[in-house]
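K.L.:
What follows is a single structure, and I will ask about it in a moment.
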Amino acid sequence: MDSSSTHHQKQKLYQILMLPWLGHGHVSPFLELAKRLVAMKNKNFQVFMCSTPANLAPFKQKSTADNDDNLIQFIDLHLPSSSELPPDQHTTKNLPPHLMPVLKTAFDEAKDNFHGILRELKPDILIYDFIQPWAALVAQQESTPAVLFLTTSAASSAFIYHSAEFDDDYPIPGLEFVANPRGELLKFLYDVSNGLTNKERYFQCIGSSCGIILIKTLNEIEKNHIDYLSRLVRKDIVPVGPLVQGPENKSSDESFLKWLDQRKDSKAVFVSFGTEYFLSKEEIEEVAYGLELSNVSFIWVLRFPGSANVPREPGKLYRKEDVARVIREVVAEEKGDKVRKKVEEMSRTIKEKGDQVIDNAVEKLVQLVEDKP
């Protein structure tokens, strides 16, 4: 065994417990961050991914091949079950909107179960999500540093925080909502679950994070928003990159690339809209017609929230003509040249950055552990 291997084995093993919110769009970036941490060459990490069995099942099935050394382990967190919310619905996937407050309340009521997990594992650090302020409080009781990980963009995170605190317009251009009054966009902040508004949950999670907040973005993409968010919350905002999930099946990936190669200039619109926003049948049809009218190749995945770039008045439907026009402008017409060039530049930047952003985040996390009394 060479000296470098011996040195690697003698390095401290840092154990991280992760607790994402109970949605696929949250567990997935947490898991991608975990994969990058355990792949570090100059540090040893072991990650415990904690969530409900209903939420972890698909990830457990997909992760076995890439996790032979068990550096990522899945920990079941059991929520109180009821006839209204049985265990198979302890996830946001396909959850009816009226049950969302019930799920948040059940998540809150799993606090003691989570405390037991944390006490047993004794991790070096906890990385938690934006909606469970009790997680950081439990970690504090066990003298475990806790760090918030925001899986949304810096722009949306800063916009939400600013709009919840101040009455004036967001100071960075590009987030003007002419057709949609800000109050309508932010109504969700005042939804109540278990006596707490979403605003209170978000602000408490931010306030309890130990000095830094991790965020799924890059400085090269959102530096202005990152800097502004840092000033707002008085914490160091640490990017961890876009955390794009790699291909899981080589053969299916090759067939997809072949399909793209058959498109003109390999151009296609990827339509991915999330699982927690519910369009009416009429809205779905209007957007579908708009995609057809654009004459652009597209792949439609799930359902989606509104975009500020497609005009829609409050309470009104999307218009297929507007959807088609915006898609054509961005993908095919001269007007979208600037956007397309920016995308190409960002693609190169993300590849060039490689592990640099993760290295920086790791140093911040390790410092928190080493500074622990």
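Quick note: the coordinates plus some simple rules give every number you see, no bench work behind them. Computed from a prediction, not measured in an experiment: that's the story for all the values here. So basically every Cβ, Gly included, is an ideal-geometry build from the backbone, and we count neighbours across all protein chains shown.
K.L.:
Using a Förster radius of 51 Å, what is the FRET efficiency between GLU292 and ASP76 based on their Cβ-Cβ separation? Nearest 0.05, please.
P.N.:
Values: r = 44 Å, r/R0 = 0.86.
Calculated value: 0.70.
K.L.:
Students often get this wrong, so check it: of LYS60/LYS267; LYS35/LYS235; LYS93/LYS353; LYS111/LYS187, which have C-alpha atoms separated by over 31 Å?
P.N.:
Details: LYS60/LYS267 33 Å; LYS35/LYS235 25 Å; LYS93/LYS353 33 Å; LYS111/LYS187 27 Å.
Where the Cα-Cα span goes over 31 Å, the pairs concerned are LYS60/LYS267; LYS93/LYS353.
K.L.:
Right, another one. Using 0.36 nm per residue, how much length does the chain from GLU200 to GLU363 gain when fully extended, once their Cα-Cα distance is taken away? Show your work: numbers first, answer last.
P.N.:
Numbers: separation 163, 0.36 × 163 = 58.68 nm, distance 3.01 nm.
Gain on extension, GLU200 to GLU363, equals 55.7 nm.
K.L.:
Let's test the formula: R0 of 51 Å, r as the Cβ-Cβ distance of LEU99 and LYS342. What FRET efficiency results, to the nearest 0.05? All intermediate terms of the calculation are to be shown ahead of the outcome.
P.N.:
Numbers: r = 40 Å, r/R0 = 0.78.
About 0.80, to the nearest 0.05.
K.L.:
A further question follows. What number do you get for the stretch 191-249 when its Cα radius of gyration is normalised by 2.2 N^0.38 Å, N = residues? Intermediate results must be reported in sequence, preceding the final value.
P.N.:
Values: Rg = 14.6 Å, N = 59, 2.2 N^0.38 = 10.4 Å.
Compactness ratio reported: 1.41.
K.L.:
Here's something else I'd like to know. Measure off 7 Å from each Cα along the Cα-to-Cβ vector at ARG231 and VAL192, then give the distance between these two points in nanometres to one decimal.
P.N.:
3.5
K.L.:
Using the alpha carbons of the stretch 141-225, what is the convex hull volume per residue in cubic angstrom, as a whole number? Could the numbers behind the result be given before it?
P.N.:
On the way: hull volume 10.2 nm³, N = 85.
Here the figure is 120 Å³ per residue.
K.L.:
Oh, and also: ASP112 to PHE256: extension gain in nm, 0.36 nm per residue of separation minus the Cα-Cα distance?
P.N.:
On the way: separation 144, 0.36 × 144 = 51.84 nm, distance 4.52 nm.
Extending this stretch completely gives an extra 47.3 nm.
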